[in-house]
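S.K.: My questions all concern the structure below.
The values are calculated or read from the model by the stated rules, or taken from the named source; none is laboratory data. As the structure is a prediction and not an experimental result, all values here were calculated from the model. Please note: Cβ atoms are built from the backbone with ideal geometry, for glycine as well, and neighbour counts cover all protein chains shown. The area values use the complete protein model at the heavy-atom level, side chains included, leaving out ligands, DNA and RNA. Shrake-Rupley method; radii C 1.70, N 1.55, O 1.52, S 1.80 Å.
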Amino acid sequence: MRMLSRILAGLREFAATQAELAERRDLLDRPWEEEFLHWTAGGELHGSVVPPRGRQATTRSGWCPGVHRASADPGIPRGTPPGSRA
């Protein structure tokens with residue numbers, strides 16, 4: 001019984017990871033949605049446009065493509081909109 005519960009826990013974790021990755025890919029495929037007003041997992045407010053009902057600019061865990069992009073390129077200040085980079 002203990003083995004079965006460990007297997008099920010592993011499958012739940014795998015499914016949650018796959019869902020998170022799918023949400024990230026969807027956000028990266030729609031960069032204009034980064035302008036939707038949202039809170040990041042780190043507690044920062046991003047965006048300037050109220051999102052339509054049912055749309056989000058972060059994953060369920062709070063991952064934001066703008067924060068991810070800024071951390072990948074330290075020359076870009078955090079919170080810089082994607083179209084305003086020089």
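S.K.: Please go through (1) surrounded by 10 or more Cβ atoms within 10 Å (Cβ to Cβ); (2) at pLDDT below 85; (3) more than 9 Å from the chain's Cα centre (by Cα) for ALA41 and return the number of the only condition it doesn't satisfy.
M.R.: (3)
S.K.: Consider region 16-38. How many of its residues are in a helix (DSSP H, G or I), among the basic types (Lys, Arg) and surrounded by 12 or more Cβ atoms within 10 Å (Cβ to Cβ)? Please lay out each step first, then the result.
M.R.: Residues of region 16-38 that are in a helix (DSSP H, G or I), as a first pass: 16-29, 31-35.
Then drop every residue that is not among the basic types (Lys, Arg), which leaves 24-25.
With the extra rule that they be surrounded by 12 or more Cβ atoms within 10 Å (Cβ to Cβ), the set shrinks to 24.
Here the count works out to 1.
S.K.: Okay, moving on. Can we say LEU11 is open to solvent by less than 80 Å² (accessible area, probe 1.4 Å) and assigned to a helix (DSSP H, G or I)?
M.R.: Working: open to solvent by less than 80 Å² (accessible area, probe 1.4 Å): no; assigned to a helix (DSSP H, G or I): yes.
Against the criterion (open to solvent by less than 80 Å² (accessible area, probe 1.4 Å) and assigned to a helix (DSSP H, G or I)), LEU11 does not qualify.
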